[in-house]
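Trainee: I'd like to ask some things about the structure below.
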Amino acid sequence: MSLQKVKLNAPAYILIILASIIATGAMRLVSFYFPLFSNFSPLGALSIFGGVYFADKWKAGLLSVITLFVTDIFINYLYSAKLVLWYSNSALWLYASLLIMVMIGSLIKKVNVANVLLASLASVAVHWLLTDIEPWLQSSYYAKGLLGYGESLLMAIPFERNMLLADAVFGAILFGGYEFVKTRANAKRYAAEQLTV
């Protein structure tokens, strides 16, 4: 698949932000009621996708950050029955991992299943290594040495597995859907050009 960068105007960008908030919020709501689906959200795939296709990488990063921030408010309200705008500085590790995922996506020069899968694996690894720093440092469950960090990482495997599965599902929807729409648009454009010749 050829790589075509997208420059987004303000209305299209706002529409994408709203769609990502709704999709991510819906999946986070599912995981709230069914903890088996914890970490099964489109955020990772969305960050990689934005890194690959958005001409302005800051827009891809901002999309991920805004989506997480807004859905965090919603989810935190479900947990605490209070409006919580910022629950802890531990969230900074998660925001950082999303921004790194955008950077990982920007390294893809040719979109194919192998490259997207490698980007997903790298993104999940980054998320795993960064977001488990805070529980390891702040929790009394883990020793403060490398052994404790390793134990924290082991406990997070089910969540990271869900993230990898989510990246596969939502990555297929985002990348496959975009390429399908782009191919159809190019075919229609070509057919229209042939009619005018």
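Trainee: Take the Cα atoms of the chain, build their convex hull, and give its volume per residue in Å³.
Mentor: So the per-residue hull volume is 130 Å³.
Trainee: Add +1 for every Lys or Arg and -1 for every Asp or Glu among the other residues with Cβ under 13 Å from the Cβ of SER97, and state the total.
Mentor: -4
Trainee: How long are the semi-axes of the equivalent ellipsoid of segment 61-109, taking √(5λ) for every eigenvalue λ of the Cα gyration tensor, in whole Å from largest down?
Mentor: Whole-Å semi-axes of the equivalent ellipsoid: 26, 10, 7.
Trainee: Might you report the magnitude of the Cβ-based charge dipole of segment 83-197 about its Cα centre, with Lys and Arg at +1 and Asp and Glu at -1, to the nearest 20 debye?
Mentor: Dipole size: approximately 540 debye.
Trainee: Turning to a different aspect of this structure: If you find the alpha carbon centre of segment 8-45 and of segment 47-102, how far apart are they in angstrom?
Mentor: A separation of 10 Å, based on Cα centres.
Trainee: Further question: Long-range amide H contacts for VAL6: which residues qualify at under 5 Å (H placed 1.01 Å from N, peptide plane, sequence gap of 5 or more or a different chain)?
Mentor: For VAL6, the qualifying residues are PHE54, ALA55.
Trainee: Expressed as a whole percentage, what fraction of the accessible surface of segment 8-65 belongs to carbon and sulfur atoms when a 1.4 Å probe is rolled over the protein heavy atoms?
Mentor: 82
Trainee: Could I ask something else about it? Report, in listed order, any pair from LYS109/LYS182; LYS7/LYS110; LYS57/LYS144 with a Cα-Cα distance greater than 26 Å.
Mentor: Table pairs above 26 Å Cα-Cα are LYS57/LYS144.
Trainee: Give the Debye-formula value of log10 I(q)/I(0) at each listed q (0.16, 0.24, 0.27 Å⁻¹), with one equal scatterer per alpha carbon of segment 153-197, two decimals each.
Mentor: -0.59, -0.79, -0.86
Trainee: Can you pull out the trypsin sites (Lys or Arg not before Pro) in segment 36-102 whose DSSP state is coil and whose Cβ has at most 16 other Cβ atoms within 10 Å?
Mentor: LYS82
Trainee: Continuing with the same structure: Mind jotting down a quarter of the surface of the convex hull over the alpha carbons of segment 120-197, in square nanometres, one decimal?
Mentor: Here the figure is 6.4 nm², rounded to one decimal.
Trainee: Return P(r) of segment 95-141 (all Cα-Cα pairs; 5 Å bins starting at 0; whole %; ordered from short to long distances).
Mentor: 5, 22, 24, 18, 13, 9, 5, 4, 1
Trainee: Tally Lys/Arg at +1 and Asp/Glu at -1 over every other residue whose Cβ is under 13 Å from the Cβ of TYR178; what's the total?
Mentor: Counting the neighbours of TYR178, the net charge comes to +2.
Trainee: In the neighborhood of LEU121, defined by Cβ-to-Cβ distances under 14 Å, what is the net charge if each Lys or Arg adds +1 and each Asp or Glu adds -1?
Mentor: That works out to -1.
Trainee: Restricting things to alpha carbons, tell me how big segment 1-115 is in terms of Rg and Dmax, in Å.
Mentor: In Å, with Rg to one decimal and Dmax whole: 14.9, 47.
Trainee: Read phi for every residue in segment 113-130 and hand back ³J(HN,Hα) as whole Hz from Karplus 6.51 cos²θ - 1.76 cosθ + 1.60, θ = phi - 60°, with x for Gly and Pro.
Mentor: Values per residue, Gly and Pro as x: 4, 4, 5, 5, 5, 4, 5, 5, 4, 5, 5, 5, 4, 4, 4, 4, 5, 7 Hz.
Trainee: Hey, can you rank 30-41, 168-179 by average C-beta count inside 10 Å, highest first?
Mentor: 168-179, 30-41
Trainee: Counting helices only, and only those DSSP H runs with n ≥ 4, report the 222 nm mean residue ellipticity of the chain as the sum of -39,500 (n - 2.57) divided by its residues, in deg cm²/dmol to the nearest 500.
Mentor: Mean residue ellipticity at 222 nm (helix-derived): -24500 deg cm²/dmol.
The values are calculated or read from the model by the stated rules, or taken from the named source; none is laboratory data. Because the structure is predicted, anything quoted here is derived from the model rather than measured. Cβ: placed from backbone, ideal geometry, glycine included. Neighbour counts: every protein chain shown. Surface accessibility is based on the protein's heavy atoms, side chains included, excluding ligands, DNA and RNA. Shrake-Rupley method; radii C 1.70, N 1.55, O 1.52, S 1.80 Å.
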